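Chemist: Below are the C-alpha cells for one structure; questions will follow.
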Amino acid sequence: MASLMLDNALARLDGALGQLEAAARRRVEAERGRANLDTELALMQDDRARLAAELDGAMARLGHVETAAADVDQRLERAMNVIGAVIARAQPQPDEPEPGPPEH
C-alpha cells in the first residue's frame, strides 16, 4: 500500500513537473516574442523619425519651389506687359494714317 501511494505521488509529481516545464517554455517563448516586438517597435520609431525628417526637408524644398514659381510668374507677367506695350507702339493707331511710300 505504501508503494502504491508512493507511485501515485510520483505520478502526480511527474505531471506537475510536466506542467511546470510547459509553462516555463510558454513563458520563454512569450519573452522572445516580446523582445522581437520591442525590436520591431524600435525599428518603426527609427523609420518614423527618418521619414519625418525627410518630410520636413521636402516641405522646405516645396516652399522654395513655390517662392521661385511665384517670382517667375511675376517676371513673366511683367515681360508680357512690356512685350504688349512694344507691340502696341509698333502698330499704327486707328486715328493715324499708315505710313506710305515716301513722297518725292
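The values are calculated or read from the model by the stated rules, or taken from the named source; none is laboratory data. Not measured: the values here are computed from a predicted model. Please note: Cβ atoms are built from the backbone with ideal geometry, for glycine as well, and neighbour counts cover all protein chains shown.
Chemist: Checking A35 against (1) surrounded by 10 or more Cβ atoms within 10 Å (Cβ to Cβ); (2) at pLDDT 90 or above, which single condition isn't satisfied?
Modeler: That leaves (2) as the condition not met.
Chemist: Any residue in segment 74-88 that is surrounded by fewer than 10 Cβ atoms within 10 Å (Cβ to Cβ), modelled with pLDDT under 95 and outside any helix (DSSP H, G or I)?
Modeler: no
Chemist: Could I ask something else about it? If I filter segment 1-20 for residues that are surrounded by fewer than 10 Cβ atoms within 10 Å (Cβ to Cβ) and not in a helix (DSSP H, G or I), do I get at least one hit?
Modeler: The answer is yes, given that some residue of segment 1-20 is surrounded by fewer than 10 Cβ atoms within 10 Å (Cβ to Cβ) and not in a helix (DSSP H, G or I).
Chemist: Consider E31 carefully, then state whether it is without any contact (Cβ under 8 Å) to a residue 24 or more places away in the chain, assigned to a helix (DSSP H, G or I) and over 15 Å from the mean Cα position of the chain (by Cα).
Modeler: Criteria met by E31.
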